[in-house]
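What follows is a set of notes on a single structure, which appears directly below.
Throughout, read-outs are computed from the coordinates displayed, never taken from laboratory work. It should be emphasised that the depicted structure is a prediction, and the values quoted were computed from it without experimental measurement.
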Amino acid sequence: MAGGWTSDGAVQDQIDSSIEDAVQRARSQLPKGESLQHCEECGAKIPEARRQAVPGVHLCVACQSEQDKQASHSGYNRRGSKDSQLR
């Protein structure tokens, strides 16, 4: 059902586009190149299984977890607020 000036399926198109952008952003942040044998942060040995599972890994699990906690994830809000739509 279309609403206002939108076409049928516009909401789904918006959702699909947001998901595609998030996937592209996540893929661009994946490590590349050869995996290190020791963590760049703490120097701990990176297990062989992790190096094979994540090609190009540079951090041990503990340091990667800490870095992920600190990373800010700014997403896109494609929908305007109701106030902006009413003006």
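Computed from Cα atoms alone, the Kirkwood hydrodynamic radius reported for segment 30-70 is 10.0 Å. Couplings for segment 31-40, taken from phi via the Karplus curve 6.51 cos²θ - 1.76 cosθ + 1.60 with θ = phi - 60°, read x, 10, x, 8, 6, 7, 7, 10, 4, 5 Hz in order; Gly and Pro are left as x.
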